[in-house]
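Taken together, the values in this text are just the output of simple stated rules run on the coordinates, not laboratory data. Just so we're clear, the structure is a prediction, and the values are computed from it rather than from any experiment. Don't worry about glycine lacking a Cβ; one is built from the backbone with ideal geometry, like all the others, and counts go over all protein chains shown.
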Amino acid sequence: MTDVIIVGAGPCGISAAIELKKEGFEPLIIEKGCLVNSIYHYPLSMTFFSSADKLEIGGIPFITINEKPTRQEALAYFRTVCRVHELNVHTYEKVVQMDRTDSGFRVVTAKRDEKRVYEVPAVVLATGYYDNPHLMNIPGEESDHVHHYFHDAHPYADQNVVVIGGRNSAIDVALDLHHVGANVTMVYRREQFSPSVKAWVKPVIEAAIEKGRVKMYWGSEVKEIKPNSVVIEQNEKQIEIPADTVFAMTGYRPNLEPVRRLGGKIDEDTGVPYLTEAMETTIPGLYLAGVVATGHDSTKIFIENGRHHGRMIARDLRRKRS
Ligand SMILES: Cc1cc2nc3c(=O)[nH]c(=O)nc-3n(C[C@H](O)[C@H](O)[C@H](O)COP(=O)(O)OP(=O)(O)OC[C@H]3O[C@@H](n4cnc5c(N)ncnc54)[C@H](O)[C@@H]3O)c2cc1C
């Protein structure tokens, strides 16, 4: 019988499930989409910046012929991990409500039109951050031609495209778009690229900017997105850039509403919930694993941290049970 529910079948939810099984628990993973749903929605051409050994989960090596694992390889890898470890995963089932009970939690899910209710002593939230783009809160941001996710460059060939941001995802998008012949302009609020930019990509984008193939506005703030342009401010001067499409690659932030709603304490400055070393929130029995535990700075937690979270949670639950 299920004794722990893990919300989210991303790499960190899967890691937590494997660790819990090792400790004799019977975890159930509930996933609103497909297995590793966030990675499935990453750009088609994406390669991971982590090397293969950092992605290794549940003792199964990540074997790749490429220097860095591709999205396709990662999808195949996580399917294998779940099969080998015989994980119990309910895909296409969304957790829509959680309440505390005397003995733990009542978790309500929706699978198409069907409502399901589970009663468990412990819940691990491993819901990531990818569902919640970090918004700039400027006029026009909600328009149809503004995107926070990028799949494939093909639809934007020959268009004027503005890419907002200067981290890995913004640079990957700008380069992919440039390669299909889009007229790409990048807008970044800082004066140089983030130090976290992939070492092998940085010289490529720098060369593209230097040769004028990708236009760059450094130190610029986006003020408004109009139907056919983006208005920015640089050195107190307003500039209007033509734009058929806008990719606002401004990062993602975890949704901690379920923690808040249950009365869990969150440091509102950092956005990080108060957590014990075992990743337990201030609500007994409610744990966080993976990127959902990062708060506003989601560049700090990676897949390997998720493995560590899973181990700590499993040990804590075993200690409580014995
Ligand atoms: C383009 C890109 C490249 C990246 N490259 C790397 C890299 O190389 N190395 C690295 O370590 N990290 C990388 N990251 C970060 C990476 O996404 C995370 O490290 C990893 O996905 C975190 O795993 P997770 O399990 O915490 O969250 P996720 O992978 O986001 O999994 C969360 C899961 O929860 C599900 N979910 C959410 N809400 C509900 C709900 N209510 N009910 C049921 N299910 C729900 C989601 O559908 C999702 O499947 C990258 C991110 C991006 C955007």
Taking only the Cα atoms of the stretch 146-248, how large is their convex hull per residue, in Å³?
91 Å³
Solution diffusion estimate, µm²/s, Stokes-Einstein, the stretch 61-112, Kirkwood Rh from C-alpha pairs, 20 °C, viscosity 1.002 mPa s
152 µm²/s
Provide, in order from the shortest bin, the percent of all Cα-Cα pairs of the chain in each 10 Å bin, continuing until the bin that contains the maximum pair distance.
6, 25, 30, 23, 13, 4, 0
Where labels lie 7 Å past Cα in the beta-carbon direction, separation of Thr299 and Asn255 in nm
2.6 nm
For Lys115, go through the aspartates and glutamates and keep the ones whose alpha-carbon is under 18 Å away, minus same-chain ones fewer than eight residues off.
Glu31, Glu93, Asp99
Residues with amide H under 5 Å from that of Tyr287, placed H, sequence gap 5 or more:
Val123, Val124, Leu125, Thr281
Cβ-based net charge around Lys21, under 13 Å, with every Lys or Arg adding one and every Asp or Glu removing one
-2
Filter Lys265/Lys320; Lys22/Lys54; Lys94/Lys223 down to the pairs with a C-alpha to C-alpha distance above 24 Å, please.
Lys94/Lys223
Per DSSP helix of 4 or more residues, -39500 (n - 2.57); summed, then divided by the residues of the chain. What does that give at 222 nm, rounded to the nearest 500?
-7000 deg cm²/dmol
Spin-label pair Arg116/Ile63, simplified geometry with 7 Å Cα→Cβ offset, distance in nm
3.3 nm
Which order, highest average first, do 269-278, 33-42 follow once you tally other Cβ atoms within 10 Å for each residue and take the mean per peptide?
33-42, 269-278
Per residue, how big is the convex hull around the C-alpha atoms of the stretch 71-196? Give it to me in cubic angstrom, could you?
210 Å³
Tail fraction, Cα-Cα pairs, the stretch 190-299, threshold 16 Å, whole percent
71 percent
